[in-house]
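Comments concern the structure below.
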Amino acid sequence: MSTSDQDQAVDTPIAAPDADESRLTPRQARRLRIVLSSVGMAAMAVVLGLRIASRSSVLVVGVYGLALILCGIVIELSRNGRTRLGSWLLGIGLVAAIGSDWLLIP
């Protein structure tokens, strides 16, 4: 199998018996997760900067620092093809970060 055959095989969607034509290919799904994680990282960095400017707390740095680390882990998982796991971690982690900010940080 040549490299062009391998690239073509990666771009073809996974066939299911009654699959829609609007499904993402695995490569598109990985790119989408990487973009979403990068946007999440940028948003968490901005919120972290704003929260530190208003009050300097170790808890603020810890919560948003962990959220930034989580976004980086999701990017690596997506690059390695673990998009479902990455999606779940990104969703649950960002909800947990926002929830802990709302509940724990005065």
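For segment 48-106, which whole-number percentage of the solvent-accessible area (1.4 Å probe, protein heavy atoms only) is attributable to carbon and sulfur atoms?
On the way: 2720 of 3790 Å².
Result for segment 48-106: 72 percent of the exposed heavy-atom area is carbon or sulfur.
Can you give the net charge of the other residues whose Cβ lies under 15 Å from the Cβ of Val35, counting K and R as +1 and D and E as -1?
In short, +4.
Consider just the alpha-carbon atoms of segment 23-66 and return their Rg together with their Dmax, both in angstrom.
14.6, 45
Lys and Arg at +1, Asp and Glu at -1: add these up for the other residues within a Cβ distance under 12 Å of Val63 and post the number.
0
The values are calculated or read from the model by the stated rules, or taken from the named source; none is laboratory data. All of these numbers come straight from a predicted model, not from anything done at the bench. Positions of Cβ are backbone-derived with ideal geometry, glycine not excepted, and every protein chain shown enters the neighbour counts. Areas reflect the complete protein model, heavy atoms only, side chains present, ligands, DNA and RNA absent. Shrake-Rupley method; radii C 1.70, N 1.55, O 1.52, S 1.80 Å.
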